[in-house]
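Comments concern the structure below.
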């Protein structure tokens, strides 16, 4: 491949896309974790394992890149855009795939466009695993068509243009997350109450269908990704606020996602609802003991 691709951030999404796309040799990567001595070696090991060119500086990663995929945490998106603007080639496509509000993306776009590059709002509409390059992408903004063509050329198979304005793609994802992540949070709250009352089987049976499997899956997702989902839902709160909608339910989703996401840590995911309840119970007991010891 003659195209040069830059990735800013090399977490789950970056690693998944690079390895699935068979364009590792064309990928130049920078992750801020290489600047921390505690995380630098594991990150460089990840570069090596995935076959990408790891760069010590962002400037090195962006040199000559025609397309840049920004894949950082929500709180780092403004900093990533400001830093990238200093080093991007004129006319390069900056694809912001991060889960932030339309207002945040519009702010990032202003920085990138002022530097002579082209900003694209991209929304990743489902988990990157196991979909990989088949993950649905919504693309919006004045350069959406060029970005869609280039994303398809590097292997993404489900790219859809969702609007001409920066923020159209992200607004779709953010508003959708009110329901998707909210259902997860409601499921967890229901299950915790059902377990406390000793009526879990009866509650799930009363819902009918495959709710036992759905409940286990939703709890699984929150335990595994609740911390990251909570950060995304903070951006949903910002989105609703920008739209003049009071985020009453969504604030609760943030709290529930964060609480569940703090439990698992590096431990393996328990199989089945009973094992997950046991993990949650142990975590609750430890917190109560910690409060008692502090008192």
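A few comments on the model shown:
- Looking across 84, 79, one residue alone is free of Cβ contacts under 8 Å to residues at least 24 places away in the same chain and within 27 Å of residue 225 (Cβ to Cβ). It is 79.
- Selection status of residue 168, over 23 Å from residue 258 (Cα atoms) and surrounded by fewer than 20 Cβ atoms within 10 Å (Cβ to Cβ): no
- Inside segment 145-161, residues that are touching a helix residue (DSSP H, G or I) at 6+ places or on another chain (Cβ under 9 Å), over 27 Å from residue 225 (Cα atoms) and touching a residue at least 24 places away in the same chain (Cβ under 8 Å) make up a count of 1.
- Qualifying residue in segment 56-63 (condition: in contact (Cβ under 8 Å) with a residue 12 or more places away in the chain, surrounded by fewer than 20 Cβ atoms within 10 Å (Cβ to Cβ), in the same structural domain as residue 19 (by TED's automatic domain parsing) and more than 24 Å from residue 12 (Cβ to Cβ)): yes
- Elements of the type helices (runs of 4 or more DSSP H) sitting completely within segment 199-276 and holding at least 2 residues that are touching a residue at least 40 places away in the same chain (Cβ under 8 Å), out of contact with any strand residue (DSSP E or B) (no Cβ under 8 Å at 6 or more places or on another chain) and surrounded by fewer than 18 Cβ atoms within 10 Å (Cβ to Cβ): these cover 211-242, 248-261.
- Test for residue 20: is it under 17 Å from the mean Cα position of the chain (by Cα) and surrounded by fewer than 20 Cβ atoms within 10 Å (Cβ to Cβ): no
- Count of residues meeting criterion [surrounded by 14 or more Cβ atoms within 10 Å (Cβ to Cβ) and part of a helix (DSSP H, G or I)] in segment 25-38: 4
- Filter pass, residue 163 being at pLDDT 95 or above, surrounded by 15 or more Cβ atoms within 10 Å (Cβ to Cβ) and within 30 Å of residue 247 (Cβ to Cβ): no
- The residues on offer are 240, 223, 273, and the sole one that is over 17 Å from the mean Cα position of the chain (by Cα) and within 28 Å of residue 98 (Cβ to Cβ) is 240.
- Pick from segment 183-198, criterion surrounded by fewer than 17 Cβ atoms within 10 Å (Cβ to Cβ) and in a helix (DSSP H, G or I), ranking: nearest to the chain's Cα centre (by Cα): 183
- The set of residues from segment 15-24 being touching a strand residue (DSSP E or B) at 6+ places or on another chain (Cβ under 9 Å) and either farther than 22 Å from residue 124 by Cβ or part of a loop (DSSP other than H, G, I, E, B) (or both) comprises just one member, 23.
- Filter pass, residue 180 being within 15 Å of the chain's Cα centre (by Cα) and without any contact (Cβ under 8 Å) to a residue 40 or more places away in the chain: yes
- Output for segment 5-14, where each listed residue is surrounded by 20 or more Cβ atoms within 10 Å (Cβ to Cβ) and either modelled with pLDDT under 95 or outside any loop (DSSP other than H, G, I, E, B) (or both): 5, 6, 7, 8, 13, 14
The values are calculated or read from the model by the stated rules, or taken from the named source; none is laboratory data. Computed from a prediction, not measured in an experiment: that's the story for all the values here. A quick note on method: Cβ atoms are made from the backbone with ideal geometry, for glycine too, and the neighbour counts reach across all protein chains shown.
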